[in-house]
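Chemist: Handing you this structure, nothing more for now.
Just so it is clear, none of the values below were taken in a lab; they were calculated from the coordinates. Remember, predicted model here, so these are calculated numbers, not experimental data. All Cβ positions, even for glycine, are placed from backbone atoms using ideal geometry, and neighbour counts span all protein chains on display.
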Amino acid sequence: MRRLPSVAAVALLSARTASANSYDPPSFDLAEPTMPPRAEIVETTPSPTYYRLPAQTTHYLARSSIGAHTRLTGETDTAFSLDILMGAALRFDRRSNTALWIEGGYSYVKGREHLAVLGAGVGYRKRGFLSPLLALVPHVVAGSIDGTTCLGVRTSVIAGWSAYSFELAHQVAFRDGAQVHELHAAFTFPFLAGHE
């Protein structure tokens, strides 16, 4: 019986020693992850179709036309006419079908007129070889009518397709203090050259 307290004392002492040397390892349980808020992407650039358009906005014009030139002042008569013009169409944007129309060249009316022509206006034309077009182009004309120096204005409406079109214009020229009114009708070919 005397050994019982000493056994109890040893057990108590080893329990205290074990509790002093005990070590609780950290828990490896992770907290439940939370999803970040969904990102909202706002597109501020042009649509993908925009990048498939040709980069250039300048198209070079080279047009020749043959037709008839009718004098409306005094005697009414009609003569053969030939125009040779060069210029450019400057689109307002890669996506735009509207352009600033600039052209200049030479206009001949058989037997009576030799004129330098310079014009700037607005044109509408879609891309493509046979796409419809419409243009309104005022021109300044200068040269000679019936051997007399003149200065005037020709206002042209051009309509048709990109390769072939028709031009109808009214021309008023001033010579020797008098006005000469004329009507100009012509078939244009080929209408447009250069990049598409």
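Chemist: Once the convex hull of the alpha carbons of the range 54-189 is built, what does its volume come to per residue, in cubic angstrom?
Modeler: Numbers: hull volume 11.0 nm³, N = 136.
Looking at the range 54-189, the number lands at 81 Å³ per residue.
Chemist: Now for a separate question. Rank these for me by crowding, D176, D29, going from fewest to most other beta carbons within 10 Å. Let's see the in-between values first.
Modeler: Values: D176 10, D29 5.
Final ranking by Cβ density, sparse to dense: D29, D176.
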